[in-house]
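What follows is a single structure, written as structure tokens, with notes after it.
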2 protein chains.
Amino acid sequence: VRIPSSLVCSAVLAGICQFTLGATEAESATDARMLRQIFDTALTSSPAYDQLRELTQKFPGRLSGSKNLEASIHWSRDLLLKTGAEHVELQPVMVPHWERGAPERVHLGDRPLAALALGGTVATPEGGLTAEVVELQSLDALVTTDVQGKIVFFNRPMDPTHIATGTAYSGAGDQRGRGPAEAAKHGAVGALVRSLTLSLDDIPHTGNTSSPPGVKRIPAAALSTLAANALSEALKANPHATVSMQLNSRWHDDSLSHNVIAEVKGSEFPEKIILVGGHIDSWDITEGAHDDATGCIQSIEVLRIFKALNYAPRHTLRIVLFTNEENGMRGAIAYSTRAKERNEVHVLALETDSGGFQPRGFNLGNPTGNAHLRAARWAPLFTPYGITVFQKGTGGVDVSPLLAHGATVAGLMPDSQRYFDYHHTAIDTFDKVNKREFELGAAAMASLVYLVDQHGL
Amino acid sequence: VRIPSSLVCSAVLAGICQFTLGATEAESATDARMLRQIFDTALTSSPAYDQLRELTQKFPGRLSGSKNLEASIHWSRDLLLKTGAEHVELQPVMVPHWERGAPERVHLGDRPLAALALGGTVATPEGGLTAEVVELQSLDALVTTDVQGKIVFFNRPMDPTHIATGTAYSGAGDQRGRGPAEAAKHGAVGALVRSLTLSLDDIPHTGNTSSPPGVKRIPAAALSTLAANALSEALKANPHATVSMQLNSRWHDDSLSHNVIAEVKGSEFPEKIILVGGHIDSWDITEGAHDDATGCIQSIEVLRIFKALNYAPRHTLRIVLFTNEENGMRGAIAYSTRAKERNEVHVLALETDSGGFQPRGFNLGNPTGNAHLRAARWAPLFTPYGITVFQKGTGGVDVSPLLAHGATVAGLMPDSQRYFDYHHTAIDTFDKVNKREFELGAAAMASLVYLVDQHGL
């Protein structure tokens, strides 16, 4: 093989960088052996998949304020202790407490439309809400459309041409996150939002919707993509068609929840922390398998793998299961606030909250912005495992607040094609997680943790 | 980004090569735009997924000799003409005709074991077969073990530490392919084989078993992995435990089938061929979705994409749906024989028969052995789509015979983690195919075809 002088890094086209920055050959050989052992340990007789089954099936609907969330937190603490954590702390966090109530009903005339109330929404008035519907493709369209007294129906699909489905999700997400509140400002009495998915099916996807102070919340629900298409067709035939909504949700006072914080003290740098974590809460209507039971168990699996290999981390290994990612981020805020108060140094804070699919790489961020390039020197070590992407990012929702305190943050990037088939739905169940893909994700995380523990980033 | 002079290609560790060999920048920009258009076309409003649904659900059990195989062949011809093929030929091929007959029954005492007769096996004698069982981990163990009058039970699992599951499959496959015949040579009266999968479940996996001339065939069946574990446990408790088998299969005379050969003539090099293809036959007990309805429809989708983009290939584009891949390879042999007789030049023969999963790369082979390095110059063009692997190979079962005639062959390499969950089982159904992963695979194929058509390999 003749390597040409005009070698072009793949990064040029993809924002991805795949080359070494100068690890010595001896380092590489030792590290390659360790990664092989990590992957072997993850792929052979691991208890993680059974643990995932138990977490998802014993404690579905782990929404903030629910009994199942707190029960899963205590279950996780016990599992962490059993796995070899030296110390597990439950950090108290007050979290929002919103409940769906009786199942929602949305009808177009006599026809039921598959729907889920959006998280945080208010109930419809006594007797339900019936109104004409205005279909819009964007929040901007509110400015030029009369929506007074009507139900606004945001129906812009996710763009299927994005290869990373998360990009398509972000591109359409304003309709769910801010759409109902914006519609309310313009006088709408309700909101319907096309489910954030690339699938065409009858599964509605819930998710949070927010409302700035001073804006009156209006009832808001997500429609399945098939229901959204049906409603759109009906409105073409009859622009005065009405929809009836019955939502039964309610807000309670904030509720006590906890972050789970487990540790194994570092043998050389006990005051420096390498964090791995996911979020333990889920939406109420789901097992929350890919979102994010997989991330929690994968984080615990990092500890199990190190224990199985008798690897004692030089830095303190901290496993954190964040509470309330879905509708408040209070766990992440409480954790980062505590970290700042204590002047804790996070050498790495690695989050996994993008599903238990085949790992493809990592996003990384640090104050100087070069963490992904630094990590890319290990690309040759990861390539045999199909892990080739090292791109700039902010980790994920739960670790990103640490970035402002000087931490290096990272997020596992699994293959994204299937994630939004299941995300925030009743079908995000254990059986949708492939055992090996899930195990490979845990091994990828353990590998990055090992390399940072050995060589820094 | 400072690119160090000591740049180490990922190929060093992975046998994968990811660098350019000198495409000009202008070429790259045009090509990058074309690949973007190809992927957009595949991912937006493509009919391919609906075509896949129709093929799998209208024509399940497309085994050689079956009516459904021939019906699917005629359906495919019509679809190719509708898609824009200028000419579609059905090449006659005589294929083996084996039938399972009434469902097989395998019992350990009173306990039924989930089992499927292996393709090509003979029926049990009138009244069934009952015998003691000898568990072996390898064919070699036959030399040192008395199996006379017994049922040999090959129970070596696939090795879960291989990242490419195909490697694990190959490593255990001798037990199914040659095991029963070897056991027969040593006097065994029957054979049971642990299903070739990394899943632990109750789904048996069939597949072909062969027998050299002069060796009497014995009844042979695959056990689900859970059944295999149960049998192994039972034998530990009682080494004289017996198993009863009732297989009802039979051999018929060879049957007439066909390869489907469709063409669009090349605008500049009509005598030079770029082939894309998969196999249209499947096992009898399955929709054969991933194996290999996806490959057939993806191959047809390459044509549709080019038509949609008004791209007229310079070389003749030939779509071939091979018959009888599963239990005879007669379609591949007939095609390569004809190609040799006609002195046809295959600039590229690209097969897809590894499932409709997220594409990760290609294996490539040519007489000089450098095809994968030549193709790797396009790595930067493929990286944005998650396609990073260009490794040496022989394409796949159906195109590999062309290699001896000087062709450059290739095989699409999708992610392999889930393939053997479904392979050769009743659950290899349409619903196991993710629409986007399947579409991305077709786009990957169209992209490679386009690049070879433009620049050669």
Given the condition basic (Lys, Arg) and touching a Ser or Thr at 6+ places or on another chain (Cβ under 8 Å), answer yes or no: does some residue in region B:226-239 qualify? no
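For (1) within 20 Å of the chain's Cα centre (by Cα); (2) modelled with pLDDT of 95 or more, each residue gets a yes or a no:
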| site | (1), (2) |
| --- | --- |
| B:347 | no, yes |
| B:358 | yes, yes |
| B:363 | yes, yes |
| B:386 | no, yes |
| B:397 | yes, yes |
| B:405 | no, no |
| B:425 | yes, yes |
Just checking, how many residues over region B:252-273 are buried (at least 24 other Cβ atoms within 10 Å of the Cβ) and of a type in the set (Gly, Ala, Ser)? 2
Grab the helices (runs of 4 or more DSSP H) fully contained in region B:1-96, keeping just those with 2 or more residues being within 14 Å of chain A (Cβ to nearest Cβ), at pLDDT below 95 and surrounded by fewer than 22 Cβ atoms within 10 Å (Cβ to Cβ). B:11-14, B:25-43
Report yes if some residue within region A:175-182 is within 20 Å of the chain's Cα centre (by Cα), within 14 Å of another protein chain (Cβ to nearest Cβ) and open to solvent by 10 Å² or more (accessible area, probe 1.4 Å); otherwise report no. no
Say we look at region A:100-124 and pick out the residues that are under 16 Å from residue A:63 (Cα atoms) and among the small types (Gly, Ala, Ser); which of these is farthest from the chain's Cα centre (by Cα)? A:102
Could you tell me which numbered condition residue A:232 fails, if it satisfies all but one of (1) part of a loop (DSSP other than H, G, I, E, B); (2) in contact (Cβ under 8 Å) with a residue 40 or more places away in the chain; (3) among the small types (Gly, Ala, Ser)? (1)
Of these, A:441, A:386, A:395, which one is at positive phi, within 14 Å of chain B (Cβ to nearest Cβ), surrounded by 24 or more Cβ atoms within 10 Å (Cβ to Cβ) and touching a residue at least 24 places away in the same chain (Cβ under 8 Å)? A:386
So which of A:179, A:214, A:207 is under 19 Å from residue A:136 (Cα atoms) and not aliphatic (A, V, I, L, M)? A:179
Yes or no: residue A:377 in contact (Cβ under 8 Å) with a residue 60 or more places away in the chain and open to solvent by 10 Å² or more (accessible area, probe 1.4 Å)? yes
Does residue B:297 qualify as being open to solvent by 10 Å² or more (accessible area, probe 1.4 Å) and among the aliphatic types (A, V, I, L, M)? no
Among helices (runs of 4 or more DSSP H) lying entirely in region B:311-388, which contain 3 or more residues that are in contact with a Leu (Cβ under 6 Å, 6 or more places away or on another chain)? B:371-375
Scan region A:187-194 and give yes if some residue there is surrounded by 16 or more Cβ atoms within 10 Å (Cβ to Cβ), under 30 Å from residue B:359 (Cβ atoms), touching a residue at least 40 places away in the same chain (Cβ under 8 Å) and not hydroxyl-bearing (Ser, Thr, Tyr), otherwise no. yes
Could you please let me know if residue A:116 is in a helix (DSSP H, G or I) and closer than 21 Å to residue A:208 by Cα? no
Identify all residues within region B:235-262 that are assigned to a loop (DSSP other than H, G, I, E, B) and farther than 30 Å from residue B:282 by Cβ; write none if there are none. B:238, B:239, B:240, B:241
Given the criteria within 14 Å of another protein chain (Cβ to nearest Cβ), surrounded by 16 or more Cβ atoms within 10 Å (Cβ to Cβ) and at pLDDT 95 or above, does residue B:199 qualify? yes
Selection within region A:263-303 - within 24 Å of residue A:435 (Cβ to Cβ) and assigned to a strand (DSSP E or B): A:276, A:277, A:278, A:279
Which of the numbered conditions does residue B:391 fail, given that it passes all the others? Conditions: (1) assigned to a strand (DSSP E or B); (2) under 15 Å from the mean Cα position of the chain (by Cα). (2)
Top-ranked residue in region B:145-162 [being buried (at least 18 other Cβ atoms within 10 Å of the Cβ) and of a type in the set (Val, Ile, Thr); ranked as nearest to the other protein chains (Cβ to nearest Cβ)]: B:152
Enumeration of residues in region B:409-428 that are open to solvent by 20 Å² or more (accessible area, probe 1.4 Å) and either outside any helix (DSSP H, G or I) or of a type in the set (Val, Ile, Thr) (or both): B:413, B:416, B:426, B:427
In region A:361-374, the residues that are within 11 Å of another protein chain (Cβ to nearest Cβ) and buried (at least 24 other Cβ atoms within 10 Å of the Cβ): A:361, A:372
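Residue-by-condition table, conditions (1) open to solvent by less than 10 Å² (accessible area, probe 1.4 Å); (2) out of contact with any strand residue (DSSP E or B) (no Cβ under 6 Å at 6 or more places or on another chain):
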position: A:275; (1), (2): yes, no
position: A:284; (1), (2): no, yes
position: A:287; (1), (2): no, yes
position: A:292; (1), (2): yes, no
position: A:304; (1), (2): no, yes
position: A:308; (1), (2): no, yes
position: A:317; (1), (2): yes, no
position: A:324; (1), (2): yes, no
position: A:327; (1), (2): no, no
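The values are calculated or read from the model by the stated rules, or taken from the named source; none is laboratory data. Given the structure is predicted, the values throughout are model-derived calculations rather than measurements. Here the Cβ is made from the backbone with ideal geometry for all residues, glycine too, and neighbour counts use every protein chain on show. The area values use the complete protein model at the heavy-atom level, side chains included, leaving out ligands, DNA and RNA. Shrake-Rupley method; radii C 1.70, N 1.55, O 1.52, S 1.80 Å.
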